[in-house]
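Structure first, commentary second.
What follows is calculated from the coordinates using simple rules that are stated; it is not laboratory data. Every value quoted in this text rests on a predicted model; they were computed, and no experiment measured them. Note that we place each Cβ from the backbone using ideal geometry, even for glycine, and neighbour counts take in every protein chain shown.
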Amino acid sequence: MTAPVAVTGPRVLLHFWEHQFIRFRKTFRSTITAGLVGPLMYLLGIGIGLGTQVDARAAELGTDSYVDYVGPGLMAASAMQLAASESLWQTGGLLRWRGVYVSITSTPLAITQLFVGHVAWIGFRTFVSAVMYLIVLLAFGIVGSPLALLAPVVAALTGMAFAAPISAWTGWSMSKGPGEQSFPMILRLGIIPLFLFSGAFYPIEQLPIVLEWIARVVPVWHGVELIRALILGEGVGLLAGLGHVAVLLSYTAAGIAVGQRTFVRVLGS
Amino acid sequence: MAMAVEARSLTKRFGEFTAVDGIDLTVERGESFAMLGPNGAGKSSTMRMISTVSPATSGQLSVLGLDPATDGQAIRSRMGVVAQDDNLDDALTVRENIMIYGRYFGLSWAAARSKADELLQFAQLEDRSGAQVNSLSGGMKRRLAIARALVNDPDLVLLDEPTTGLDPQARHLLWERLYQLKERGVTLVLTTHYMDEAEQLSDRLVVMDQARIVAEGSPSSLIAEHVSKEVLEIRYPAEANVDLADLGLRTEELADRTLIYTDRGEDTLAVLVNSGRTPSSSLVRRASLEDVFLALTGRRLVE
Amino acid sequence: MMASWLLVERNLLSYRRTPAVLLSAMFEPFIFLFGLGVGLGKLIEDVEWHGDAISYPAFVAPGLIAVAAMNGALFEMSFNFYFKLRESKTYDAVLATPLSLRNVVDGELSWAMLRGGLYSIVFLVALALFGLLASWWSVLIPFAALLVGLGFASLASWATTFVRGWQDFDLFFLATQPLFVLSTTFFALEVYPEWARPIVQATPLYHGVDLIRDLARGTLAWSSVGNVAYLCAMVAVGRALATRRSAQLLTT
């Protein structure tokens, strides 16, 4: 028998990921298909089906057809949806009902590291789903540039920009707040509207001015714009591109800072 | 008046597996009756058949003089059931749990409310009346489950392992409440794998093992019939090879100690000491139902 | 009948402290109406329905009534039904009372139907105020919505008896998501190529959407009788299957 070695630094995070990966492997197929079917259905139903009614005016959107407009945008909007539901139900379960994270606190992994690993893990999950979805877009002939290869990375960033703050909420909610009763409401009244107002389906300029500004402030629209530019090869100004990335990263960083505290509160006491 | 429970050749099979194998049992009105046995002996399956949710595969069963197969509803309206895992409704408060249950038994809201208050007092839960079920301790949950089962003033109460998983203090409080019920003339049928519980609560019991009844009687008569008054438990160092055959007493070799069944434990110990076979440790105790079970099956109740 | 109502009472009681969970779903059809109907409406010219040109919101709105009825019923008969069936063992406790298994199933179906119905009716009233309804036949829409809710509740409860763990609900919603997006809620059947139309017409939500849109526009036809018959059959079959499966799980 080999004696356990004291594990420190980034190595512990690696083990945390191994743990997550083993859990993920068991439900891999249903989770992946579920993550893929959602955007695919919107692509078919709204992009192509409803697109028949919109195509005549697709030029106003700056694309050849409506599906070209919707297809790339959906990658970011779906990344947000996946990350949000993972950050609520899945995270709540890990924290509370299944106690998985509670048991991790008795390992060398610090709770603050655990939170970073947790957010990165959800980023990885969204990345995997985005890669699969990109293959679908390729099959539909919607990809117009090799820069599209960067799109799943942006999807992961978009996912993390939601995963970090929402997981922070879940941590707070499970210790001091209203608990899982808030989850369906956040999804229904927060995430679904953001999904529809994200700029994936039509330019946010068509929204009433208040909603338009909400859309600009919330990270999903930045993901939508950047991913659409990358996939269609429209080219996006370097400055604008960096701006979008900066918004996504700042949400992630702010969420991590808060989330580390709420996780310490729920797991450390 | 009909017997509370009467079973003849009662059998329950799940596919190839026989959970209850042709048992006969009778529970009289006002009696407190226990089924003692290890996990998987068939106690819970028998309880489920009595509670009318599980149809018997063969044999006869009558509960409060009625047939569970056809009169399930009439039987249930006069019976209270406390399931092993409580089955409390955790979307409701403590008091609401009793109230909505009262509604299921046909009480009006007003009657359900006053009944709930009465039962909360009986279960010593008045101060938790508005609490969520999840905030209760294990013992409180079990008391609530019992209070809920009494909402229809049942003639017969079934309790499946009422104190499994509870700490000693919670167990004693529960036993006290169940004893009060018995005093009121309620018929109790309970399952347990704790011999002390069966001794404390039952007038009469059956010992079950591997889907069958292996013994029946009152706790004291079973002990008198199957084992001696006392048990001498002794330990020798692992390498010692001590022969006890000359004592002429029944002995039982366990992994960590030896049991000697004797009517006078101290005398038997003296015999061992005088003949140079002093054990490294020894204990004389009263014989229990655990010993009955061991004598009958060669195995212990709680592994 | 009365006995089944007791289950509805239990559910009402359980939501008394958390009405927000129940009521927040009420906003869902509004969000879709504004998010897609109005937002996209700016890009979509009038849509044709039975020879009339109608605005896109007026086309989508009746479809969303059917979706609301479906979603309300699905939410209740998926997670909540599963939790009560398997995790909290609520029904085991109910079956120790004079209530029968049939009472339990019928009670839960009624509750799910009422929940879906509540969402549809609130939305319907709003549509009337927005002037998006074109016919007095609309007064029958609540009944159609209850039928849609009951139909989905019946089938969903049967499906939920097969669920082995929370993860399986991914697959459950894998089946319902396409219904939402593809069942002519957002565009007419004629958009599909000829060969695909019978497939769409075989799915349950299509019948709810078609029936309610015909009521809202006053364009009832023989096909509406077919819609009603399909939904009734769905209720009968789903309820029978769900009762049988629940009996296998709860009373063995």
Checklist entry - Could you name the aspartates and glutamates in cross-link range of residue B:182, using Cα to Cα under 12 Å and dropping any fewer than eight places away on the same chain? => result B:31, B:155, B:203
Item to check | Chain lengthening between residue A:138 and residue A:23 when straightened (0.36 nm per residue, less Cα-Cα) | outcome: 38.4 nm
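Average partner chain C-beta neighbours within 10 Å, per residue of A:55-63?
Numbers: counts 1, 3, 4, 1, 0, 2, 1, 0, 0.
Other-chain Cβ atoms within 10 Å of each residue's Cβ, averaged: 1.
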Checklist outcome for this item: Of the stretch C:43-75, those with amide N under 20 Å from the point 7 Å along the Cα→Cβ vector of residue A:56 are C:43-61
Item to check | Gap separating the Cα centres of the stretch C:24-99 and the stretch A:179-195, nearest whole Å | outcome: 15 Å
Checklist outcome for this item: With only helices counted (DSSP H, runs n ≥ 4, each -39500 (n - 2.57)), the per-residue ellipticity at 222 nm for chain C, to the nearest 500, works out to -21000 deg cm²/dmol
Item to check | Helix-only mean residue ellipticity at 222 nm for chain A, each DSSP H run of n ≥ 4 adding -39500 (n - 2.57), per residue, nearest 500 | outcome: -22000 deg cm²/dmol
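Hey, can you list the DSSP H helices of chain A whose Cα span along the axis is 24 Å or longer and whose average Kyte-Doolittle score is at least -1.0? Before the final figure, lay out each step's value.
Working: long enough: A:10-26 (25 Å, -0.51); A:66-85 (28 Å, 0.76); A:111-139 (42 Å, 1.69); A:151-175 (36 Å, 1.05); A:238-268 (43 Å, 1.25).
Correct list, ordered by number: A:10-26, A:66-85, A:111-139, A:151-175, A:238-268.
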Item to check | Inter-label distance for residue C:52 and residue B:229, nm, one decimal - labels placed 7 Å from Cα along Cα-to-Cβ | outcome: 9.9 nm
Checklist entry - When you count, for each residue, the other Cβ atoms within 10 Å and take the mean per peptide, how do B:131-138, C:81-88 rank with the highest first? => result C:81-88, B:131-138
Checklist entry - Quick one: if you stick a label point 7 Å off each Cα along the C-beta vector at residue A:180 and residue C:12, how many nm between them? => result 2.7 nm
Checklist outcome for this item: Whole-Å distance linking the alpha carbon centroid of the stretch B:151-201 with that of the stretch C:102-150 is 48 Å
Item to check | Positive minus negative residues near residue A:63 (Lys, Arg vs Asp, Glu; Cβ under 15 Å) | outcome: -4
Next on the checklist: Take residue B:137 and residue A:253, extend 7 Å from each Cα along the Cα→Cβ direction, and tell me the distance between the two endpoints in nm.
Outcome noted: 5.0 nm
Next on the checklist: Considering only C-alpha atoms, what is the centroid distance from the stretch B:72-133 to the stretch C:209-252, in Å?
Outcome noted: 36 Å
Next on the checklist: Using Cα springs under 10 Å in a Gaussian network model of chain A, which residue among A:163, A:139, A:130 shows the largest mean-square fluctuation?
Outcome noted: A:139
Item to check | Cβ neighbours within 10 Å from other chains - mean over C:10-23 | outcome: 4
Next on the checklist: Using a Cα-Cα cut-off of under 24 Å, which lysines could be cross-linked to residue C:89, ignoring same-chain neighbours fewer than 8 residues away?
Outcome noted: B:12, B:43, B:115, B:141
Checklist entry - Given only helices, namely DSSP H runs of n ≥ 4 each adding -39500 (n - 2.57), what is the per-residue ellipticity at 222 nm of chain B, to the nearest 500 deg cm²/dmol? => result -10000 deg cm²/dmol
Next on the checklist: Charges at C-beta only: +1 for Lys and Arg, -1 for Asp and Glu. How large is the resulting dipole of the stretch B:237-290 about its Cα centre, in Debye rounded to 20?
Outcome noted: 180 debye
